[in-house]
Every structure is written in C-alpha cells, then in structure tokens.
Amino acid sequence: MLRIDKPPVTLREMALERLRNAIIAGTFRPGQRLVERPLCDKLGVSRSVIREVLRYLEAEGLVETVPKQGPIVALIAWDHARQIYDIRIALETTAVADCARSAEPETKEKLRIVLGDLDRNSRKNDALTILAATNVFYETIFLSGGHEIAWDIVKRLNGRISRLRVMTLATANRTISGPANMRAIFDAILRNDPDAATAACRA
C-alpha cells in the first residue's frame with residue numbers, strides 16, 4: 001500500500017526535458033550560445049541545475065562546449081547524420097525482424113494504439129508529440145523483439161535522432177509519408193513476416 005512505484009520527477013529532470021525539447025524543436029538554433037543566466041530566468045531554476053543539465057545534454061550530443069564561447073547548441077555534420085542513420089538501419093532492421101517473428105497479440109495491439117496516436121498527432125503537425133509516439137512505437141518493437149541493449153544504444157542517440165526527425169518533418173508530406181512507412185512495418189509485424197518488416201524498415 002505504501003510502495004512508490006514511480007518516483008517524483010525532480011527539478012533537474014524537468015529542466016532537462018524542457019531544454020532538450022526546446023533544442024529538438026528548434027527553439028534554440030544550431031550554433032546558438034546557451035548562456036546560464038538567461039536559461040535560469042527562462043526555466044526558473046538555479047545555475048547549478050542549469051550546469052548539470054548542460055553537462056547531461058553535452059553527453060547526449062545536443063550541446064557542445066566551444067573555447068571562449070561556452071556551451072552552444074551542437075551542430076550536426078552531414079557525416080555524423082549519415083553515421084546515425086547507418087546505426088539506426090543496422091539496429092532497427094534486426095529489431096523489426098525479430099519482433100515480426102515473435103509478436104504476440106498484446107504487442108500488435110499496443111503498436112496499433114500507438115499508430116492511432118501518431119496519425120492524430122501528425123494531422124495536428126505537432127513535432128514533439130509525433131516524436132513521443134514514434135519513440136514508443138520503436139521502443140515496443142525493440143523490447144518485444146528482445147533487443148533491450150540495442151534500445152539502450154538508441155536511447156543514447158535519441159536526442160540527435162529526434163533533431164534529424166524534426167528536420168525531416170519540415171519537408172513536404174513528411175507528416176504523411178512517415179506514419180505511412182511505419183504502418184508498413186506494422187502491417188508486416190501483424191502478419192508475422194520478418195522479411196517484409198525488414199524491407200519496410202529499410203524503405
């Protein structure tokens with residue numbers, strides 16, 4: 001009766017999520033300086049919290065420290081973007097194939113619900129809620145396919161992956177084509193067809 005299943009969110013965690021989302025959404029632009037005092041005022045937290053948050057975001061690859069400038073929003077080089085997509089295709093194709101091979105009705109129903117959320121959010125063109133639904137979709141696939149360690153790797157890259165996704169969401173029809181591509185993966189999982197799931201993931 002007294003057990004706390006979910007610990008309360010700390011001020012640092014709240015500040016981290018807000019600043020991470022602001023960077024991903026483009027509120028802070030690539031190369032923009034992240035000055036402690038204005039960030040303290042905007043988020044309503046102390047400098048020690050901001051410094052801790054910036055260190056965490058630097059570890060995620062969303063922030064970098066430049067000599068004589070301090071922390072800035074990290075730039076994403078073309079080569080780094082290519083490497084991120086190479087890692088994604090290597091991990092995701094294996095995960096969707098294994099998920100398709102073994103998916104139980106509960107997994108299929110969860111994916112169906114998530115895709116419904118994704119469709120609704122895509123119509124609103126709300127990038128952050130689209131990203132949240134997309135992350136749940138892939139987390140379900142990875143974990144149900146028995147790829148917990150691979151999902152840990154993806155989570156470490158998630159900040160940079162999400163920034164790239166926001167960039168693609170700004171391109172023509174991406175809020176339509178993105179969910180349609182994910183639905184093709186889902187349809188293959190629904191049929192327990194690992195080859196079709198792999199092909200849909202690569203596409």
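Spin-label point model (7 Å from Cα, Cβ direction): what's the Glu109 to Arg37 distance in nm?
Modelled inter-label distance: 5.7 nm.
Per the 1.4 Å probe, what fraction of the accessible area of the chain, in percent, lies on carbon and sulfur atoms?
The nonpolar share, carbon plus sulfur, comes to 55 percent.
Just check region 85-162 against the gyration tensor rule for me: Cα atoms, a ≥ b ≥ c as the square roots of the eigenvalues, rounded for a/c under 1.5, and otherwise prolate or oblate depending on whether a/b exceeds b/c. Spell out each step's value before the answer.
On the way: a/c = 2.33, a/b = 1.16, b/c = 2.00.
Judged from the Cα gyration tensor, region 85-162 comes out oblate (a/c at least 1.5, b/c at or above a/b).
In straight Cα distance, which lysines are under 25 Å from Lys68, not counting same-chain residues fewer than 8 positions off?
Lys42
Given an 8 Å cut-off on Cα distances and at least 6 residues of separation, report the relative contact order of region 6-118 as a percent. Numbers along the way, then the final one.
Values: 71 pairs, mean separation 27.0, N = 113.
Rounded, it is 24 percent for region 6-118.
Let me spell out the model: positive unit charges on the Cβ of Lys and Arg, negative unit charges on the Cβ of Asp and Glu, origin at the Cα centre of region 1-90. What dipole size does that give, in debye rounded to 20? The partial results should precede the final answer.
Numbers: 15 positive and 11 negative charges, 50 e Å.
Around 240 debye, computed over region 1-90.
Accessible area of Ser144, 1.4 Å probe, to the nearest 10 Å²?
Ignoring ligands and nucleic acids, Ser144 comes out at about 40 Å².
For region 36-186, with only Lys/Arg (+1) and Asp/Glu (-1) charged at the beta-carbon, what is the dipole magnitude about the Cα centre, in debye rounded to 20? Walk me through the intermediate numbers first.
Values: 22 positive and 19 negative charges, 102 e Å.
Dipole magnitude for region 36-186 comes out near 480 debye.
Membrane-span-like helices in the chain: DSSP H runs reaching 18 Å or more (Cα, own axis), mean Kyte hydropathy at least -0.5?
On the way: long enough: 11-25 (21 Å, 0.25); 47-60 (20 Å, -0.27); 78-102 (36 Å, -0.22); 105-124 (29 Å, -1.30); 127-144 (25 Å, 1.36); 148-169 (28 Å, 0.08); 174-190 (23 Å, 0.46).
Span-like helices in the chain: 11-25, 47-60, 78-102, 127-144, 148-169, 174-190.
Just by accessible area at a 1.4 angstrom probe, what is the order of Val73, Val166 from largest to smallest?
Values: Val73 0, Val166 25 Å².
Highest to lowest solvent-accessible surface, that is Val166, Val73.
Counting only C-alpha contacts under 8 Å and six or more residues apart, can you give the relative contact order of region 97-203 as a whole percent?
Relative CO of region 97-203 lands at 42 percent.
Looking at the chain, identify the longest residue range that excludes and avoids all trypsin sites (Lys or Arg not before Pro) in DSSP loops having at most 14 other Cβ atoms within 10 Å.
Numbers: sites that count: Arg3, Lys68, Arg191.
My reading of the result: 69-190 is the longest stretch.
Write down the accessible area per residue of the chain in Å², having rolled a 1.4 Å probe over the full set of protein chains.
Values: 11760 Å² over 203 residues.
Per residue, the chain has an accessible area of 58 Å².
The values are calculated or read from the model by the stated rules, or taken from the named source; none is laboratory data. These figures come from a predicted structure and were not determined experimentally. When we count neighbours, we look across all protein chains shown, and the Cβ atoms used for this are built from the backbone with ideal geometry, even at glycine. Keep in mind that these areas ignore ligands, DNA and RNA; they rest on the heavy atoms of the full protein, side chains included. Shrake-Rupley method; radii C 1.70, N 1.55, O 1.52, S 1.80 Å.
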